[in-house]
Structures are given as structure tokens and as C-alpha cells.
Amino acid sequence: MGQKVNPIGYRTGIMLGWKSRWYANKKQFSELLLEDQKVRNFIKNHPSNRSYRNAGIDRIEIERTRDEVKVVLYVARPGVIIGKKGQDIELLQEDLQSLTGRVVNLKVEELARPELQAQLVAEDIAQQLQRRSSFRRTMKRAMEQAMDAGAKGIKVQLAGRLGGAEMARREKQISGSMPLSTLRAKIDYGFTEAMTAQGHIGIQVWINQGMFEGDGTDGSDAEAGQAPKKPTRSYKR
């Protein structure tokens, strides 16, 4: 149980919800699943507007009803996607409608602290590695920023030809606590690849954001709801 790499997949359905929320029969399920992947790839790698890559898109959640498709973007810099007077977001919505052939309702949510989002931290490390900065200095700076922002712990792992070495290797740094097997721990995970001149470098980031906040009354209710060992009243036959 402690060998899980992706903590989000480990907690999905238990502490976390799905990023695609809809129901379909067996015939339509595979088509809609591929359509969700097309929507995510189209937004992150937009053919005409390259600035979407600099918007800091952490995740894309999709909800489907019978009438429309609701797409929610969680972004660090929403102004890049919205544009002046909302022109860019309207164009993106039209592109998604032509891509899917359905009515699309697009919504943008701003992330308060992008330093605590593992995917954004991994993409920031990738951009710095592509600019030929030192990988150790880059890892250390990213970890310090995350801990200063309030993270309980962070782990960064790089794999590839680090520093232009002939043989690929792995480098890993950990700061703070990282309880990967604790389901109550709110751990975010991000992965991306830095395309350097020497080859691709894989970047994995784990960030411990604390614990999931449960309802404080659950414990007392569960304790009061237990069956007593002895009956409170005795009955004679």
C-alpha cells in the first residue's frame, strides 16, 4: 500500500472527487472519455493562442448534463485566458463548442496560492531547466517558495540527463513531512517534462497541503451512537 506513486489516484473516490463528473452508458463512455482528453489537450496546447501555457492552468474539471458541457479552469493568472473585456474566453468557448459539437459553459477560477499547486511548481521547474539554470538551485528555490507559502512538506524528484551528464540519473530532495500512505493527508501531485537540448527530464512534485477538514461533530455522534454494552432497562418475561 505504500508503493503508490500518484497520491491523487490513491485518494480519488475516498477523500477526493473525480475531475470528470458525468454518467454515460457503455456505448458512449469511451467517446466521452476521449472527448474530455481532447478538451484538456486543446486548452493546454492551444494551436492559435500560445499564451495559455503561461496562464498557469493547474487542472481542468468537466461536468456534463444532457444539455451542456461545463468546463471549469483552475488558473493562477486568469487574466491571460479572459483577455480584454472577456474577448479571449468567448473565442475559447466557441472553439470548444466547435471541437465537441455541444454547448459549452466555460468558467475560470483563480488559485489563491499557486506555490502550493504541485503541477504549477513542476511546470515552473521545467521552464527554468529549459533556460539552462542549475537543477539543484532550481529545486531548492521551488521548495523554499512552497514552504514559505504554508506547505507542510514538499518532495521534488528529477530524472534524466541532469546537468548534461552522459548517463541519466535521479535526484530527489524532501523538505518537511510527506505522509503518502495517510489518506487524510491532502497531498497534491504534479508531473511534467522539461525538453532540454540533452533530452527530456522528468519532473515529479509532491506537496503536503495539510489534512482534509472533516466535520467536527462526526466523532461525538459516532461515540453517542454506539450500542451500549448493558441494556438500560431490564424486561421480565
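Values in this text are rule-based calculations from the coordinates and carry no lab data. Computed from a prediction, not measured in an experiment: that's the story for all the values here. Neighbour counts run over all protein chains shown; Cβ positions are idealised from the backbone, glycine included.
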(request) Give a quick list of GluC sites (Glu not before Pro) in the range 34-93 that DSSP marks as loop, anything other than H, G, I, E or B, with at most 15 other Cβ atoms within 10 Å. (result) none
(message) How would 135, 42, 29 line up from fewest to most surrounding beta-carbon atoms within 10 angstrom?
(response) 29, 42, 135
(request) List, in the order given, every pair from 38/155; 19/172; 19/186; 155/186 whose Cα-Cα distance in the structure shown is over 23 Å. (result) 38/155; 19/172
(request) Set the Förster distance to 41 Å, then compute FRET efficiency between residue 23 and residue 133 from the Cβ-Cβ distance, nearest 0.05. (result) 0.35
(request) Kindly identify the range 7-110 as rounded, prolate or oblate by the Cα gyration tensor criterion: order the square roots of the eigenvalues as a ≥ b ≥ c, call it rounded if a/c is under 1.5, otherwise compare a/b with b/c, prolate if a/b is larger, else oblate. (result) oblate
(message) To test your reading of the geometry: what angle, between 0 and 90 degrees and rounded to tens, separates the Cα axis of helix 26-44 from the longest principal axis of the chain?
(response) 50 degrees
(message) Between residue 110 and residue 173, what is 0.36 nm times their sequence separation minus the Cα-Cα distance? Round to one decimal in nm.
(response) 19.8 nm
(request) Principal axes first, then extents: for the Cα atoms of the range 114-211, list largest minus smallest coordinate on each axis, whole Å, largest first. (result) 41, 23, 17
(message) For 172, 85, which order do you get if you count the other beta carbons within 10 Å of each Cβ and list the fewest first?
(response) 85, 172
(message) List the trypsin sites (Lys or Arg not before Pro) within the range 3-74 that DSSP assigns to loop and that have no more than 13 neighbouring Cβ atoms inside 10 Å.
(response) 4, 66
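Is the range 115-160 best put as rounded, prolate or oblate by its Cα gyration tensor, with a ≥ b ≥ c the root eigenvalues, rounded for a/c under 1.5, and otherwise prolate when a/b is larger than b/c, oblate when not?
prolate
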(request) Considering Cα pairs under 8 angstrom that are at least six residues apart, work out the relative contact order of the chain and quote it in whole percent. (result) 16 percent
(message) Kirkwood Rh over alpha-carbon pairs of the chain, then Stokes-Einstein at 10 °C and 1.306 mPa s: what D in µm² s⁻¹, rounded to an integer?
(response) 77 µm²/s
(message) As a footprinting exposure proxy, order 103, 121, 72, 108 by other Cβ within 10 Å, with the fewest listed first.
(response) 103, 72, 108, 121
